[in-house]
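Have a look at the structure below before the remarks.
The values are calculated or read from the model by the stated rules, or taken from the named source; none is laboratory data. Predicted, not measured: the structure shown is a model, and the values here were computed from it. Every residue, glycine as well, gets a Cβ built from its backbone with ideal geometry; the counts of neighbours run over all protein chains shown.
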Amino acid sequence: MTISSVIDTADRVVATTYKRFPVVFTRGQGCRLYDETGKEYTDFIAGIAVCSLGHAHPGIASVIAEQAATLIHTSNLYYTVPQVELADWLTSHSFADRVFFGNSGAEANEAAIKLARKYFKDNGQPDRYRIVAMEKSFHGRTMATLSATGQEKIKKGFAPVLEGFDFAPFNDIDALRAAIGPDTAAVLLEPIQGEGGIRVPDEGYLPAVRRLCDESGILLIFDEIQTGMGRTGQLFAHTHFSTTPDIMTLAKALGNGLPIGTMLATEKVAAAFGPGAHASTFGGTPLVTAAALEVCRIFDEDDIINKCNRIGKYFKEKLDELKSRHDLIRDVRGRGLLLGMRLKVEAAPVVQACLENGFLINGVQEKILRFAPPLIVSRPEIDALIDCLDDIFSR
Ligand SMILES: *Cc1c(COP(=O)(O)O)cnc(C)c1O
């Protein structure tokens, strides 16, 4: 198929849910992607914060190949080794005692919402079922998770949404206090909002949310689907704020591109998910969990998080320098390698110009550029993007 026939055929036979750039990628290597013409692109979005160890990682590729030739799927009627080893790694590296495996971020959040409701049903407070989420949040596209999402455009056309969600502005503790009632079961939030515009809360906000949840006798759920797995310079973003949740969801970077979503919880809360309470046919297959386990092993072995911290600081300094030179940049925000740049103008033409110059970035919330490169991105790659942006902003 030629490029134009790929695009023409896609226009005919693929669901029209995605507005895509007219690029057909055929392979990747590290932080680079190559299209059908052989043109090289430096990837500063990593499949939306997914391919944190880069494309075609040889160690991960060989683990996948070997596991595929050994055992791909058994269902959860039985035990398999990689699933258990991955759960062991995740619990020994987090606050959590137990892990539920699904296949996507939305499924992980579905599990978290179900667990919060079930926990109070099991503990003699059946009327506590509501969840307070944040304005501008993003939690997924299934019916429950879009109902939990604080953006009208995500819900448009799907009414009635699921009942039981209330919203408070992010980073406003008084508004959150007012939104919590006698029927609230949990507060659900992203420690740093991703789709909402890379919004980092004030230092004291998350600890105050934790205290408020404790005083109210309700659960705290962190959606770390985008911020987790080292993206912000800590394995989990909540540790920047010294705040521990009761439930956490992880997905995007955990499988470096293989579909996996997990919900982690403390023993006390996870106890509400007894046999038969929840399930997923594909959840935690040996294939996907072997790949994720290799991702985790590489994180430990290659000191990925410290590298992310160092290179993230460098990148942010460079973006700040760019801001000092260009009036149309409002601010630079984010942590580690989840960075955003708020512009006075629309982000889309800048994203387009970067693409033409061989750099992949994306826009969120109309005027914000998002940078989420693989955590193995190098200084020369960052310098090249900065030069490209400098040129674009000078025009
Ligand atoms: C991407 C994302 C989701 C949804 O994940 P899917 O795998 O697309 O279902 C949920 N929450 C956050 C914070 C995300 O960034």
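For this structure, a couple of remarks:
- Qualifying residues in the range 256-269 (those that are part of a strand (DSSP E or B) and crowded, with 24+ Cβ neighbours inside 10 Å) - the one nearest to the ligand (Cβ to nearest atom): 261
- Scope the range 165-207; condition within 16 Å of the ligand (Cβ to nearest atom) and of a type in the set (Lys, Arg); matching residues: 199
- Tabulated pairs, the range 235-251, first closer than 18 Å to residue 99 by Cα and aromatic (Phe, Trp, Tyr), second assigned to a loop (DSSP other than H, G, I, E, B) and within 13 Å of the ligand (Cβ to nearest atom), C-beta under 9 angstrom, 6+ apart or interchain: 236/191; 236/224; 236/227; 236/228; 236/229
- Failed item, numbered, when residue 78 is tested on (1) closer than 20 Å to residue 275 by Cβ; (2) among the aromatic types (Phe, Trp, Tyr); (3) within 21 Å of the chain's Cα centre (by Cα): (3)
- As for the range 239-246, it holds at least one residue that is β-branched (Val, Ile, Thr), out of contact with any Leu (no Cβ under 9 Å at 6 or more places or on another chain) and closer than 30 Å to residue 289 by Cα.
- When restricted to residues that are surrounded by 14 or more Cβ atoms within 10 Å (Cβ to Cβ) and assigned to a helix (DSSP H, G or I), the range 18-60 contains 6.
- With respect to the conditions (1) farther than 30 Å from residue 177 by Cα; (2) within 16 Å of the ligand (Cβ to nearest atom); (3) part of a strand (DSSP E or B), residue 253 lacks only one, and its number is (3).
- Within the range 239-255, being in contact with a Gly (Cβ under 8 Å, 6 or more places away or on another chain) and closer than 20 Å to residue 88 by Cβ holds for 248, 249, 250, 251, 253, 254.
- Per the conditions (1) touching a helix residue (DSSP H, G or I) at 6+ places or on another chain (Cβ under 6 Å); (2) surrounded by fewer than 20 Cβ atoms within 10 Å (Cβ to Cβ); (3) among the aromatic types (Phe, Trp, Tyr), the sole criterion not satisfied by residue 359 is (2).
- Qualifying residue in the range 148-160 (condition: surrounded by fewer than 24 Cβ atoms within 10 Å (Cβ to Cβ), under 22 Å from residue 246 (Cβ atoms), away from the ligand (no atom under 16 Å from the Cβ) and modelled with pLDDT of 95 or more): no
- Residue match in the range 2-15 (condition: crowded, with 21+ Cβ neighbours inside 10 Å and either part of a helix (DSSP H, G or I) or not assigned by TED's automatic domain parsing to the domain that holds residue 221 (or both)): no
- Any hit, the range 207-226, residues being without any contact (Cβ under 8 Å) to a residue 12 or more places away in the chain and farther than 30 Å from residue 126 by Cβ: no
- The range 364-395 - residue that is out of contact with any Lys or Arg (no Cβ under 8 Å at 6 or more places or on another chain) and among the β-branched types (Val, Ile, Thr) and, of those, surrounded by the fewest Cβ atoms within 10 Å (Cβ to Cβ): 392
- Scope the range 127-147; condition more than 12 Å from the ligand (Cβ to nearest atom) and under 23 Å from residue 209 (Cα atoms); matching residues: 127, 128, 129, 130, 131, 132, 135, 147
- Applying the criterion of being more than 17 Å from residue 41 (Cβ to Cβ) and of a type in the set (A, V, I, L, M, F, W, C) to the residues of the range 8-27, the residue that is farthest from the chain's Cα centre (by Cα) is 13.
- Residue in the range 278-287 that is closer than 25 Å to residue 75 by Cβ, more than 13 Å from the ligand (Cβ to nearest atom), assigned to a loop (DSSP other than H, G, I, E, B) and aliphatic (A, V, I, L, M) present: yes
- With respect to being closer than 30 Å to residue 99 by Cα, outside the structural domain of residue 47 (by TED's automatic domain parsing), small (Gly, Ala, Ser) and in a helix (DSSP H, G or I), residue 292 fits the description.
- Just one of the listed residues (68, 108, 112) is in contact (Cβ under 8 Å) with a residue 40 or more places away in the chain, away from the ligand (no atom under 16 Å from the Cβ) and of a type in the set (Gly, Ala, Ser), and it is 68.
- The condition (being small (Gly, Ala, Ser) and closer than 22 Å to residue 225 by Cα) is satisfied by just one residue among 272, 292: 292.
Residues are listed down the side, and each one gets a yes or a no for (1) over 24 Å from residue 314 (Cβ atoms); (2) not in a loop (DSSP other than H, G, I, E, B):
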position	(1), (2)
222	yes, yes
226	no, no
232	no, no
244	yes, no
